[in-house]
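Quick note: the coordinates plus some simple rules give every number you see, no bench work behind them. None of the values given here were measured: they were computed from a predicted structure. Backbone-built Cβ (ideal geometry, glycine too); neighbour counts: all protein chains shown.
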Amino acid sequence: MGTSIRKATLPLTAEDAEFFAEFGFIYVRDFYPAELFDRLLRELHELIGLVCEREGIGQPRPQFAASEFDAGLALLLKRDRKLGGIVYEAAKKVPSHIQLVGHEVHTAACRSLLNARFPGFASRGWGLRLDHPAEEVYLTQLHQDFVSQLCSLRGLVFWTPLRRADAQLGPVVLYPGSHRHGVFPIQVKGSGSYGLRIHDEAQVERRFEPCCPEVDVGDCVIIDSLLLHKSSPNRSTRTRWALITRYFDFLEPVGQSIGWIGGLQEGHPFDKVFPDKVRE
Ligand SMILES: O=C(O)CCC(=O)C(=O)O
């Protein structure tokens with residue numbers, strides 16, 4: 001029997017924290033302030049409009065509509081995949097994006113779900129993720145975020161789609177309860193986070209039942225940084241956008257012992273920091 005998905009609202013309650021402790025994730029409706037979230041969509045619309053104008057495509061551009069905030073992106077990708085890279089990099093520089101990732105709603109969730117008195121911000125662990133239709137090369141394999149992000153053994157990943165993540169668009173695949181097994185040993189099979197593979201990956205994956213919650217725009221799936229999860233392919237005709245933010249507990253002892261260093265993005269590969277967790 002699959003995990004029934006609890007749909008929480010803010011403020012999070014003790015029952016929400018219990019669900020989270022047991023399953024390692026929780027679905028929260030309307031997580032971000034609506035006005036700020038809407039501003040993000042509008043700023044992205046304007047940004048993509050500038051690139052379209054520069055390239056002389058998709059003109060005249062449709063008026064802003066939340067469901068079409070990225071109008072023109074498909075044309076840019078069709079012209080040249082590199083134009084998608086420009087949008088991806090520039091999207092990090094949009095002010096409302098920064099305001100959202102720094103919003104206190106995250107630290108409140110750390111207090112409620114982790115009982116973290118002193119939450120920290122994973123300063124290299126936030127961004128907008130774009131998964132274009134039929135592009136599978138950047139999908140994440142089965143992993144625990146702690147392995148690539150470090151900082152602290154107790155952490156939260158906040159995953160929010162900018163358009164409804166239905167079965168076609170490809171919601172994240174979660175393995176409820178897997179966070180209670182600690183850090184799974186790793187096998188290094190290449191460079192970067194893609195090279196850090198769970199040892200005996202297929203066997204480990206079979207131990208847990210997957211759960212793949214569809215997520216509405218602006219709702220958030222909060223994931224324990226030890227929960228096994230992976231991307232699912234985008235089988236729709238539109239780009240999947242996800243706002244991803246990571247916070248952690250400063251008071252957790254392993255985090256304290258490593259000085260809360262961040263992982264790969266800060267130049268600290270997991271296998272060098274925790275060699276005892278590496279298998280041949
Ligand atoms: O958005 C996705 O497909 C998965 C993202 C993910 O697993 C991650 O960033 O750790």
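If the viscosity is 1.567 mPa s and the temperature 4 °C, what Stokes-Einstein diffusion coefficient in µm²/s follows for the chain when Rh is the Kirkwood radius over Cα pairs?
Translational diffusion coefficient: 67 µm²/s.
In terms of modelled amide H atoms, which long-range or inter-chain residues lie less than 5 Å from the amide H of residue 196?
Under 5 Å from the amide H of residue 196 lie the amide H atoms of 189, each far enough along the sequence or on another chain.
In which sequence would 157, 173 go, from the one with the fewest C-beta neighbours within 10 Å to the one with the most?
Working: 157 26, 173 17.
Going from sparsest to densest Cβ surroundings: 173, 157.
Which of 178, 257, 231 has the fewest other C-beta atoms within 10 Å, and how do the rest follow up to the most?
257, 231, 178
Quick check on packing: order 19-30, 127-138 by the mean number of other C-beta atoms within 10 Å, highest mean leading.
Final packing ranking: 19-30, 127-138.
Put a dot 7 Å past each Cα toward the Cβ at residue 189 and residue 42; how far apart are the dots in nm?
4.6
Can you give the extra length, in nm with one decimal, that the chain gains between residue 66 and residue 123 once fully stretched, where that is 0.36 nm per residue apart less the Cα-Cα distance?
Net length gain for the segment: 17.7 nm.
Take the Cα of residue 277, step 7 Å along the line toward its Cβ, and report every residue of segment 93-114 whose backbone nitrogen sits under 17 Å from that point.
Label zone hits: none.
Within the set of other residues whose C-beta is less than 12 Å from the C-beta of residue 164, count the net charge using Lys and Arg as +1 and Asp and Glu as -1. Could you put the intermediate results ahead of the total?
Working: positive: 163, 238, 240; negative: 166, 214, 216, 219.
With Lys, Arg at +1 and Asp, Glu at -1, the neighbours total -1.
Arrange the following residues from fewest to most other Cβ atoms within 10 Å of their Cβ: 89, 53, 252.
89, 53, 252
Search the structure for amide H atoms under 5 Å from the amide H of residue 153, placed 1.01 Å from N in the peptide plane, and list their residues when 5 or more places away or on another chain.
Answer set, sorted by chain and number: 254, 255.
So what is the relative contact order of the chain, in percent, for Cα pairs below 8 Å that sit 6 or more residues apart?
Computed over the chain, the figure is 28 percent.
Cross-link partners among aspartates and glutamates for residue 93, C-alpha distance below 14 Å, same-chain residues fewer than 8 apart left out?
43, 46
Once the principal axes of the Cα atoms of segment 1-153 are found, what is the range along each, listed largest first in whole angstroms?
Answer, in whole Å and largest first: 53, 34, 34 Å.
Per 0.36 nm of contour for each residue apart, how much would the distance between residue 30 and residue 261 grow if the chain were fully extended, relative to their Cα-Cα spacing?
Between residue 30 and residue 261, full extension yields 80.0 nm more.
In nm, to one decimal, how far is the residue 53 label point from the residue 238 one, both placed 7 Å along Cα→Cβ?
Label-label distance for residue 53 and residue 238, simple model: 2.4 nm.
Taking amide H positions as placed in the peptide plane 1.01 Å from N, state which residues far from residue 8 in sequence (5 or more) or on other chains have amide H under 5 Å from it.
HN-HN under 5 Å from residue 8: 27, 28, 29.
Please compute, over every Cα-Cα pair in segment 34-102, the percentage with a separation greater than 19 angstrom.
30
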